[in-house]
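One structure is given here, and the rest of the page talks about it.
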Protein chains: 2
Amino acid sequence: MTTALLPTGFHDRLPPFADAAARLEQALLGAAHAYGYERADPALAEFEAGLAGRLKAARAQDAVRFVDPVSQATLAIRPDMTAQIGRIAATRMGHHPRPVRLSYAGPVLKLRASQLSPEREMRQIGCELIGLDTIAAAREIVEVAVAALAAAGVADVSIDFTLPDLIDVLANGPFPVEPGQIDTLRDRLDAKDAGAVAALAPAYLPLIEAAGPFETAHDRLCAFDAGGALTSRLDGLWQIAEGLKGRVALTLDPTERHGFEYQSWLGFSIFAGGVLGEIGRGGSYTIVHENGAEEAAVGFSLYADAIVAAGLAEVDRRRLFVPVGTDPAVAAAMRAAGWVTVAALEAGDTPEAQVCTHVLADGEPRAL
Amino acid sequence: MTTALLPTGFHDRLPPFADAAARLEQALLGAAHAYGYERADPALAEFEAGLAGRLKAARAQDAVRFVDPVSQATLAIRPDMTAQIGRIAATRMGHHPRPVRLSYAGPVLKLRASQLSPEREMRQIGCELIGLDTIAAAREIVEVAVAALAAAGVADVSIDFTLPDLIDVLANGPFPVEPGQIDTLRDRLDAKDAGAVAALAPAYLPLIEAAGPFETAHDRLCAFDAGGALTSRLDGLWQIAEGLKGRVALTLDPTERHGFEYQSWLGFSIFAGGVLGEIGRGGSYTIVHENGAEEAAVGFSLYADAIVAAGLAEVDRRRLFVPVGTDPAVAAAMRAAGWVTVAALEAGDTPEAQVCTHVLADGEPRAL
């Protein structure tokens with residue numbers, strides 16, 4: 001084993017990608033800050049028992065765990081930050097008036113990678129609005145996500161909405177399904193398997209067609225006769241979409257379910273031109289307090305690594321080579337004017353070796 | 001156990017401290033970037049065998065370790081980032097022309113806390129210049145540290161220099177000491193124990209007096225008759241100090257040794273007004289390549305938590321409450337003008353509940 005190798009799923013971010021990632025994060029969270037979202041920075045490790053209770057079951061299993069020599073308890077490194085923000089909102093900020101608006105950014109670690117995402121260390125960035133999951137709250141959280149991506153220069157953003165609890169609402173309302181068959185129905189609808197849905201619960205067939213560009217899909221969903229069971233959700237979606245028209249492309253896939261198992265009425269995936277796969281996701285959900293009380297919340301997470309890897313966060317790398325013997329005051333003046341100065345520390349150093357684009361000559365930057 | 005509790009040595013950073021820490025980091029590394037220091041972001045975990053070889057022995061023992069189900073090898077969470085930057089410089093950037101300038105910021109984790117620092121998760125920020133440990137290199141790295149702290153608004157900075165290999169140089173030169181007694185001598189000099197030093201190696205006694213304000217201590221060290229063995233070090237210190245005169249307070253404690261065991265000719269501690277204990281440290285050191293070759297380097301690390309805890313990175317918390325029903329374009333105009341807007345999402349929400357300092361009334365911010 002050479003020390004140059006890292007374990008599968010881990011990697012070092014080198015120049016210029018680490019700078020690109022840092023600037024992306026600053027731009028994203030700077031924009032969210034302007035909407036009142038202040039940062040929380042949860043501990044990297046906490047008691048496994050506490051964390052597991054707040055995580056999806058699958059995620060808790062994937063956390064890196066170790067025995068704490070101080071407490072003799074098992075600690076876990078966070079595999080997700082949303083659960084930690086929920087913990088903070090429910091405990092130390094439990095008495096803060098609602099809604100609480102928090103943002104966060106940091107590394108998360110998984111013991112095992114999934115087939116879809118081979119990385120085991122990822123950078124998670126997001127915002128959570130805790131205390132409300134109303135249409136107004138959902139509108140704001142989607143607006144903040146879109147504004148943050150715009151501020152970071154991420155173009156061609158599109159949002160795909162879904163209604164995670166749609167089948168539950170219909171099965172408990174106008175179109176009953178045998179309890180044992182709900183999971184199969186969900187799965188077949190998610191797979192757009194018309195044959196299986198027709199055999200299982202034909203009333204649900206129109207849902208397969210109610211996916212695609214937002215307005216068309218929304219029209220079809222409105223035409224779907226559900227006896228008013230979906231009216232509040234459809235109105236909500238419409239109001240959220242209204243604020244985004246002309247700024248981002250919108251689609252609707254009401255039975256998309258994968259990864260939204262823990263969302264309540266609203267879920268959404270975020271995509272950007274030039275990036276394969278989603279760059280973020282969000283929706284409404286529930287956090288649980290110490291006393292068992294539940295509280296509504298909405299939020300989103302962005303996957304910085306995907307955005308940086310796609311080259312959507314490029315940084316300016318103009319670098320000015322400062323020859324040996326230059327008056328330090330001249331170099332300082334160049335920095336004050338916005339230049340990155342790279343000082344030669346030995347006579348043999350060259351602008352090429354220091355990856356410089358300019359060289360200081362006669363007190364002026366000269367392009368190379 | 002309540003889930004509100006975190007393990008000893010871990011804590012959540014809440015508003016406004018997490019924002020303060022993020023801005024401090026941006027300011028520090030933004031200033032370093034202007035000197036050509038680009039960011040590297042090493043993996044949070046790596047093979048323990050590789051990491052341990054690059055860490056001080058004590059630190060390797062204190063790393064959080066776990067078995068990787070993929071490789072079946074033991075992985076370690078980094079307890080320090082400097083060693084990782086050395087690894088990157090020696091391996092993936094091994095063929096990059098020297099010097100290599102890198103900056104970094106991120107969490108580090110310790111399995112056990114020390115008596116001096118009870119925290120087990122800390123945020124480490126720093127810069128490393130790899131390939132040189134000349135006076136010019138040392139001048140630059142100290143200059144970058146001072147410029148970064150100035151950019152971040154940290155006032156009353158002082159730097160305490162030391163000469164970590166001083167005793168080795170003297171013992172192998174003008175003032176031989178029995179090998180078995182060198183460690184005792186170092187320890188007694190560090191403790192300023194004149195009686196013990198007089199009994200052990202009286203030639204070293206003047207070193208105890210050669211500590212204090214930089215110029216006086218430097219004069220005494222120059223007067224100390226070491227047959228020229230210290231001349232290059234003393235010249236180097238003088239040149240480094242020259243560039244800092246009038247900007248930061250300088251002291252010299254040539255036999256200060258604690259924590260500098262792995263530095264070569266130069267070490268320094270950084271202090272700031274209002275903060276108990278050091279806020280950073282740095283110096284010259286050696287990194288080791290895969291083939292065993294050694295390479296000189298200089299660098300510094302800053303302890304962001306200490307600076308934030310001392311309130312030296314306060315953030316502006318002006319927040320503008322935007323009542324229900326306000327035209328979204330008006331709120332957007334306020335954000336564009338630099339305001340943080342906090343929208344009421346329900347009729348009952350109040351500026352007080354949202355910790356706002358201003359409220360939007362008749363299209364204008366009104367102070368509360």
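The values are calculated or read from the model by the stated rules, or taken from the named source; none is laboratory data. Fair warning: this is a prediction, and the values are worked out from it, not measured in the lab. Reconstructed Cβ throughout: ideal geometry from the backbone, glycine too, with neighbour counts over all protein chains shown. When the accessible area is computed, the model is the full protein with side chains, heavy atoms only, and any ligands, DNA or RNA have been set aside. Shrake-Rupley method; radii C 1.70, N 1.55, O 1.52, S 1.80 Å.
Hey, residue B:145 hits all of (1) open to solvent by 10 Å² or more (accessible area, probe 1.4 Å); (2) part of a helix (DSSP H, G or I); (3) more than 10 Å from chain A (Cβ to nearest Cβ) but one; which does it fall short on?
All conditions pass for residue B:145, except number (1).
What are the residues in the stretch A:200-214 that are part of a helix (DSSP H, G or I) and without any contact (Cβ under 8 Å) to a residue 12 or more places away in the chain, if any? Give the derivation first.
Taking the stretch A:200-214 and keeping what is part of a helix (DSSP H, G or I), we get A:200, A:202-204, A:206-209, A:214.
Answer for the stretch A:200-214, where residues must be part of a helix (DSSP H, G or I) and without any contact (Cβ under 8 Å) to a residue 12 or more places away in the chain: A:202, A:209.
Within the set of pairs 6 or more residues apart or between chains, which connect a residue that is more than 24 Å from residue A:137 (Cα to Cα) inside the stretch A:95-119 to a residue that is open to solvent by 20 Å² or more (accessible area, probe 1.4 Å) and in a strand (DSSP E or B) with Cβ atoms less than 8 Å apart?
A:106/A:41; A:106/A:123; A:107/A:122; A:107/A:123; A:108/A:122; A:108/A:123; A:110/A:122; A:111/A:65
Return yes or no: is residue B:136 in contact (Cβ under 8 Å) with a residue 12 or more places away in the chain and either within 12 Å of another protein chain (Cβ to nearest Cβ) or in contact with a helix residue (DSSP H, G or I) (Cβ under 7 Å, 6 or more places away or on another chain) (or both)?
Numbers: in contact (Cβ under 8 Å) with a residue 12 or more places away in the chain: no; either within 12 Å of another protein chain (Cβ to nearest Cβ) or in contact with a helix residue (DSSP H, G or I) (Cβ under 7 Å, 6 or more places away or on another chain) (or both): yes.
So residue B:136 does not fit the description; no.
Among the candidates B:87, B:59, B:92, single out the residue that is under 18 Å from residue B:259 (Cβ atoms), of a type in the set (Lys, Arg) and either in the same structural domain as residue B:105 (by TED's automatic domain parsing) or touching a residue at least 12 places away in the same chain (Cβ under 8 Å) (or both).
Values: B:87 fails: under 18 Å from residue B:259 (Cβ atoms); B:92 fails: under 18 Å from residue B:259 (Cβ atoms).
Selected residue: B:59, the only one of B:87, B:59, B:92 that is under 18 Å from residue B:259 (Cβ atoms), of a type in the set (Lys, Arg) and either in the same structural domain as residue B:105 (by TED's automatic domain parsing) or touching a residue at least 12 places away in the same chain (Cβ under 8 Å) (or both).
Would you pick out the residues in the stretch A:171-196 that are more than 16 Å from residue A:253 (Cα to Cα) and outside any loop (DSSP other than H, G, I, E, B)? It would help to see each step written out before you state the result.
Just the residues of the stretch A:171-196 that are more than 16 Å from residue A:253 (Cα to Cα), to begin with: A:171-184, A:195-196.
Hits for the stretch A:171-196 are A:171, A:179, A:180, A:181, A:182, A:183, A:184, A:195, A:196.
Residue under question is residue B:24, and the condition is that it be without any contact (Cβ under 8 Å) to a residue 24 or more places away in the chain and not aromatic (Phe, Trp, Tyr); does it hold? Spell out the reasoning first.
Working: without any contact (Cβ under 8 Å) to a residue 24 or more places away in the chain: no; not aromatic (Phe, Trp, Tyr): yes.
Judged against the criteria, residue B:24 is not a match.
How many of the residues making up the stretch B:32-50 are more than 7 Å from chain A (Cβ to nearest Cβ) and either on the phi > 0 side of the Ramachandran plot or open to solvent by 20 Å² or more (accessible area, probe 1.4 Å) (or both)? Write out each step before concluding.
Looking only at the stretch B:32-50, we keep the residues that are more than 7 Å from chain A (Cβ to nearest Cβ), and these are B:32, B:37, B:48.
With the extra rule that they be either on the phi > 0 side of the Ramachandran plot or open to solvent by 20 Å² or more (accessible area, probe 1.4 Å) (or both), the set shrinks to B:48.
Adding up the residues that qualify gives 1.
Out of (1) touching a Cys at 6+ places or on another chain (Cβ under 7 Å); (2) open to solvent by 50 Å² or more (accessible area, probe 1.4 Å), the odd one out for residue A:234 is which?
Single failed check for residue A:234: (2).
Considering only residues that are surrounded by 20 or more Cβ atoms within 10 Å (Cβ to Cβ) and not aliphatic (A, V, I, L, M), look in the stretch A:13-22 and name the one that is farthest from the other protein chains (Cβ to nearest Cβ). Spell out how you get there, then give the answer.
Going residue by residue through the stretch A:13-22, those that are surrounded by 20 or more Cβ atoms within 10 Å (Cβ to Cβ) are A:13, A:15, A:17-22.
Now restrict to residues that are not aliphatic (A, V, I, L, M): A:13, A:15, A:17, A:19.
Numbers: A:13: 4, A:15: 4, A:17: 8, A:19: 5 Å.
Looking at the filtered set, the residue picked out is A:17.
Given the criteria part of a strand (DSSP E or B), at pLDDT 95 or above and not hydroxyl-bearing (Ser, Thr, Tyr), does residue B:219 qualify? Show your work before the answer.
Values: part of a strand (DSSP E or B): no; at pLDDT 95 or above: yes; not hydroxyl-bearing (Ser, Thr, Tyr): yes.
So residue B:219 fails the test.
Looking only at the stretch A:148-170, filter to residues that are assigned to a strand (DSSP E or B) and of a type outside the set (Val, Ile, Thr); which one of those is nearest to the other protein chains (Cβ to nearest Cβ)? Spell out how you get there, then give the answer.
First, pick out the residues of the stretch A:148-170 that are assigned to a strand (DSSP E or B): A:157-162.
Now narrow it down to the ones that are of a type outside the set (Val, Ile, Thr): A:158, A:160-161.
Details: A:158: 21, A:160: 23, A:161: 20 Å.
If we take residues in the stretch A:148-170 being assigned to a strand (DSSP E or B) and of a type outside the set (Val, Ile, Thr), then A:161 is nearest to the other protein chains (Cβ to nearest Cβ).
Among the residues of the stretch A:59-115, how many are more than 9 Å from chain B (Cβ to nearest Cβ), of a type outside the set (Gly, Ala, Ser), open to solvent by less than 10 Å² (accessible area, probe 1.4 Å) and farther than 22 Å from residue B:41 by Cα?
Of the residues in the stretch A:59-115, 2 are more than 9 Å from chain B (Cβ to nearest Cβ), of a type outside the set (Gly, Ala, Ser), open to solvent by less than 10 Å² (accessible area, probe 1.4 Å) and farther than 22 Å from residue B:41 by Cα.
Within the stretch A:116-129, which residues are touching a His at 6+ places or on another chain (Cβ under 9 Å) and either away from chain B (no Cβ under 11 Å) or assigned to a strand (DSSP E or B) (or both)? Step through it out loud before you land on a result.
Quick first cut of the stretch A:116-129, residues touching a His at 6+ places or on another chain (Cβ under 9 Å) only: A:119, A:121.
Within the stretch A:116-129, A:121 is the sole residue that qualifies.
Conditions tested, residue by residue: (1) assigned by TED's automatic domain parsing to the domain that holds residue B:301; (2) closer than 29 Å to residue A:71 by Cβ; (3) touching an Asp or Glu at 6+ places or on another chain (Cβ under 9 Å).
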site: B:99; (1), (2), (3): yes, no, yes
site: B:102; (1), (2), (3): yes, no, yes
site: B:107; (1), (2), (3): yes, yes, yes
site: B:110; (1), (2), (3): yes, yes, yes
site: B:114; (1), (2), (3): yes, yes, yes
site: B:117; (1), (2), (3): yes, yes, no
site: B:127; (1), (2), (3): yes, no, no
site: B:135; (1), (2), (3): yes, no, yes
site: B:138; (1), (2), (3): yes, no, no
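Let me spell it out: the conditions are (1) free of Cβ contacts under 8 Å to residues at least 40 places away in the same chain; (2) under 17 Å from the mean Cα position of the chain (by Cα), and residue B:246 meets all of them except one. Which number is the exception?
(2)
Hey, can you tell me all the residues within the stretch B:313-364 that are touching a helix residue (DSSP H, G or I) at 6+ places or on another chain (Cβ under 7 Å) and within 30 Å of residue B:151 (Cα to Cα)?
Once the filter is applied, which keeps residues that are touching a helix residue (DSSP H, G or I) at 6+ places or on another chain (Cβ under 7 Å) and within 30 Å of residue B:151 (Cα to Cα), the stretch B:313-364 yields B:313, B:314, B:315, B:320, B:340, B:341.
Could you grab me the full set of residues in the stretch A:155-184 that are farther than 16 Å from residue A:200 by Cα and among the β-branched types (Val, Ile, Thr)?
Passing the criteria: A:157, A:159, A:162, A:169.
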